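Accompanying notes for the structure given below.
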Amino acid sequence: MTSISRPWNFSAGPAALAPEVLLQAQAELLDWQGTGASVMELSHRGADFMALAGEAERDLRALMDIPDHYRVLFLQGGATQHFAQIPMNLAGPGDTADYVVTGHWGQKAVREATPYVKVRIAASSEEHGFRSIPKHFEVDPNASYLHYTSNETIHGTEFHDVPDAGDVPLVVDMSSDILSRPIDVSRFGLIYAGAQKNIGPSGLVLMIVREDLLQRSGRPMADIFRYQCHAEHDSMFNTPNTWGWYLAGLTFKWILAQGGLQAMGDRNAAKARALYAAIDDTDGFYSNRIDVAARSRMNVPFRLHDQALDTLFLAESAQAGLLALKGHRALGGMRASIYNAIPMEGVRALIGFMHDFAQRHG
């Protein structure tokens, strides 16, 4: 990884970007590839940007081995907008959809979908405090789709296997673990992800959708909300987030240069193992309450044995160059988000600080 003297940023999102990506964007900010203009100043329908967009899609298809009968869309609105837009497109009036709820974002997906589809909860871990992943699902074979959140950034749980939905199209919010390891795209009907974790800056949504699902009539709606319309216009129906698209393309190339998703997955697994071991080996000074089999590789929440130490921990960690470790307001405690752009070196720095802090205050 390129050496830049910067703090380690453990923000859950918007999250750290790879230094190589930031440095290239910095170098090209005023003059992108000899055009005499920033990429943000180019027409999205001009030949230069269209070439950039096409290259980004090709790199993503290579990274994820996306089959030809899937379309790749670069959209806007954040994942939250698509909580509502997905049922608008995939379900007609009176249709039902199944949802698996494993945390805050699964709950929000249900709330936003409810005005547009009859939601049925196929499985939930709420009764266990969202500390586990349901082992069994009761999928309605007549459901329009089965939706789940592959990684819950707040509660720190992650699906380590793809649920079996049978013949029902599987829809996944993969905002916080997309591109973190290899997946079999053909298992899914629709994958979507906000960019601000592992792809690039906020304001861009990546969607990978099977072509037959684009043909569903859904319900009457304006063209701007219809995925088929965006597919027909190659994500250029309205002016896209060109800056986000450009940085996503740089990130795809960076991941390819790291060895692709297998190498990224191996690295992420090693980082998570090291951090969880550091938490578990402190005789209760630090603790993680998630079932071991459901622990997220991307978002690691933990608590100190004495909540009165939280403020001091955050102040001293920031002084040590470890940023954004405060847990989500819904749960408190601490949270370290160790997405692709955080190398093992950053995780070791955090582990070293945690060990030192425990020795001084244990």
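Since every read-out is calculated from the coordinates, none of them should be taken as a lab result. This one's a predicted model, so the numbers in the text were calculated from it and none came from an experiment. FYI the Cβ positions are ideal-geometry reconstructions off the backbone, even for glycines, and counts take in every protein chain you see.
One equal scatterer on each Cα of the range 259-361, no solvent, Debye formula: the resulting log10 I(q)/I(0) at q = 0.10, 0.17, 0.20, 0.23 Å⁻¹ is -0.26, -0.75, -1.04, -1.38. Quick one: net charge of Ser11's neighbours, Cβ under 11 Å, K/R +1, D/E -1? Neighbourhood net charge equals +3.
Applying the criteria of a DSSP loop state and at most 13 other Cβ atoms within 10 Å to the trypsin sites (Lys or Arg not before Pro) of the range 296-349 yields Arg329. The GluC sites (Glu not before Pro) found in the range 138-231 that occupy coil by DSSP, while having at most 12 further C-beta atoms within 10 Å, are Glu138. Comparing Leu204, Leu214, Leu42 in a Gaussian network model of the chain (Cα springs below 10 Å), the most mobile by mean-square fluctuation is Leu42. Taking the charge dipole of the chain about its Cα centre, with +1 at Lys and Arg Cβ atoms and -1 at Asp and Glu Cβ atoms, the residue from Val171, Gly203, Asn89 reaching farthest to the positive side is Gly203. Between Gly352, Gly265, Gly46, the residue with the greatest mean-square fluctuation in the GNM of the chain (Cα pairs under 10 Å linked by springs) is Gly46. Across the chain, the mean sequence separation of Cα contacts (distance under 8 Å, 6 or more residues apart), normalised by length, yields a relative contact order of 23 percent. Taking a sphere under 10 Å around the Cβ of Ser144 and counting the other residues whose Cβ falls inside, with K and R at +1 and D and E at -1, yields a net charge of -1.
Is the chain best put as rounded, prolate or oblate by its Cα gyration tensor, with a ≥ b ≥ c the root eigenvalues, rounded for a/c under 1.5, and otherwise prolate when a/b is larger than b/c, oblate when not? In terms of gyration-tensor shape, oblate. With 25 Å as the limit on Cα-Cα distance, the pairs of Lys135/Lys326; Lys108/Lys326; Lys197/Lys271; Lys108/Lys197; Lys118/Lys197; Lys135/Lys253 that go past it are Lys135/Lys326; Lys118/Lys197; Lys135/Lys253. Taking other residues whose beta carbon is less than 14 angstrom from the beta carbon of Leu261, and scoring Lys, Arg as +1 and Asp, Glu as -1, yields 0.
With Cα atoms defining each centre, the range 185-217 and the range 86-130 are spaced 17 Å apart in the structure.
In the elastic network of the chain, a GNM with C-alpha springs shorter than 10 Å, the most mobile of Ser186, Ser124, Ser175 is Ser186.
Estimated translational diffusion coefficient (Stokes-Einstein, Kirkwood radius over Cα pairs, 37 °C, 0.692 mPa s) of the range 177-321: 174 µm² per second.
Extents of the range 1-154, taken as max minus min of Cα coordinates on every principal axis and listed largest first, are 55, 38, 28 Å. When shorter helices are ignored and each DSSP H run of at least 4 residues is given -39500 (n - 2.57), the per-residue value for the chain at 222 nm works out to -11000 deg cm²/dmol.
Of the trypsin sites (Lys or Arg not before Pro) in the range 1-68, the ones in a loop by DSSP (not H, G, I, E or B) with at most 14 other beta carbons within 10 Å are Arg45.
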